[in-house]
Amino acid sequence: MQTIVSQLEQGFRHAISAALDLSADPLIGPSQNEKFGDYQCNAAMGLAKTVAEKTGQKTNPRQIAEQIKAKLDLGEMASEVSIAGPGFINVRLSPAWLARVLQQARLDPRLGIDPVSRPQRVVIDYPSPNVAKQMHVGHLRPTNMGEALSRILQFQGHQLIRQNHLGDWGTQFGMLLSYLKETGAGENAEIADLDAFYKAAKARFDEDPAFAEASRQTVVRLQQGGEEELRLWRRIVDESRRHFERVYERMSVSLRREDERGESFYNPMLADVVAELRDKAVAVESEGATVVWVEGFEAPLIIQKSGGGFGYGTTDLAALRFRVRELGAERLIYLTDSRQAQHFRQFFDAARRAGWTEGVRAEEPGTARRIQAAGGARGGRGSH
């Protein structure tokens with residue numbers, strides 16, 4: 001089924017050809033002022049210049065618009081066609097025609113929308129919440145955006161893979177686990193309690209050197225698979241998950257537990273990611289750390305710190321590589337805040353140079369502005 005715009009484009013192309021013996025894009029878009037109509041053709045100004053070059057005579061854009069209008073035949077589609085300003089051709093749709101089109105669409109299970117001719121395997125990275133913290137509008141609003149995109153793409157016939165990249169790993173858990181072990185408060189804690197405990201732990205970490213050192217040691221034991229640390233960590237993750245799932249259910253969001261792949265999932269892959277980037281000369285050593293230099297940025301993307309630890313960039317690179325190699329993604333969409341644009345440009349550049357995104361369309365804040373403009377902070381991006 002043709003769209004309104006495609007039908008208008010077809011009608012205007014015929015009119016331009018008949019009036020001027022030219023083939024040109026009619027530049028159809030919504031009218032700049034609704035009092036003039038619903039859609040407008042903006043081609044007359046450019047066509048006036050083309051005609052002048054062709055004939056050697058200066059031509060008034062409004063006269064061009066009059067010539068196009070005289071040859072325009074939209075049938076029952078338009079109730080009014082008018083010219084405004086220097087040559088904008090405005091079209092007001094016929095209410096009777098529009099009602100018939102809507103009725104036809106209503107009777108069609110697909111609303112008159114044909115499936116795409118070549119479905120893609122699309123991975124959508126939702127604005128991922130942080131474990132042990134309550135969700136906020138920076139997660140909720142872009143989560144709705146991700147859900148809307150997912151449903152639209154599925155309706156078009158694409159194969160959708162939702163990914164919830166939970167912020168469930170990292171040095172912040174050393175602080176929280178140390179605090180909970182010290183106070184014994186974690187066994188029956190709910191999400192609001194955990195949020196308060198985290199704030200208290202952060203204050204202790206900043207003020208008490210002994211507590212800070214204990215927290216660092218706790219992180220090491222967690223990363224090494226310490227039984228007590230893992231048990232308490234799982235308790236925190238489970239409580240946080242219950243909070244997320246209640247919120248998703250109220251929002252009618254389709255995220256499920258099987259869509260979760262948090263930072264902890266990619267942790268075993270990080271050393272291999274760094275090694276591959278070094279082997280391909282994408283990453284180099286700098287002041288004891290392993291970094292990726294990206295043209296246009298003074299600071300590099302640090303993928304392994306001098307002490308051996310890994311950062312968010314390393315985890316994101318591991319996730320991207322997994323999504324392409326293991327999930328077979330042909331298109332990647334990230335719902336995130338424009339303030340993360342630098343981070344995404346750097347890690348996408350590293351992935352491209354490593355050859356991981358060859359043949360893959362990856363959309364980031366800098367290239368998908370309509371996606372990120374109304375978004376919020378992506379969890380797991382240092383927002384603890």
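The values are calculated or read from the model by the stated rules, or taken from the named source; none is laboratory data. In this text the structure is predicted, and so the values were computed from the model without any measurement. Positions of Cβ are generated from backbone atoms using ideal geometry, with glycine treated the same way; all protein chains shown enter the neighbour counts.
Quick notes
- Residue match in segment 259-278 (condition: in contact with a Lys or Arg (Cβ under 7 Å, 6 or more places away or on another chain) and in a loop (DSSP other than H, G, I, E, B)): no
- Some residue of segment 187-210 being assigned by TED's automatic domain parsing to the domain that holds G328, in contact (Cβ under 8 Å) with a residue 24 or more places away in the chain, under 30 Å from V324 (Cβ atoms) and of a type in the set (A, V, I, L, M, F, W, C): no
- Neighbours by Cβ (under 6 Å, 6+ apart or cross-chain): first from segment 244-266, under 22 Å from L320 (Cβ atoms); second modelled with pLDDT of 95 or more and of a type in the set (G, A, S): Y266/A318; Y266/A319
- Among the residues of segment 172-192, none qualifies, meaning not one is among the charged types (D, E, K, R), modelled with pLDDT of 90 or more and within 28 Å of H139 (Cα to Cα).
- Tally of residues being within 18 Å of K54 (Cα to Cα), small (G, A, S) and touching a residue at least 12 places away in the same chain (Cβ under 8 Å) across segment 3-32: 3
- Options S117, S94: the member that is in contact with a strand residue (DSSP E or B) (Cβ under 8 Å, 6 or more places away or on another chain) and small (G, A, S): S94
- Residue match in segment 48-70 (condition: over 37 Å from the mean Cα position of the chain (by Cα), among the charged types (D, E, K, R) and within 20 Å of Q7 (Cβ to Cβ)): yes
- Pairs, first among the charged types (D, E, K, R) in segment 274-292, second in a strand (DSSP E or B), C-beta under 7 Å, six or more apart: R278/T290
- Filter pass, R110 being at pLDDT below 90, of a type outside the set (S, T, Y) and in contact with a Gly (Cβ under 7 Å, 6 or more places away or on another chain): no
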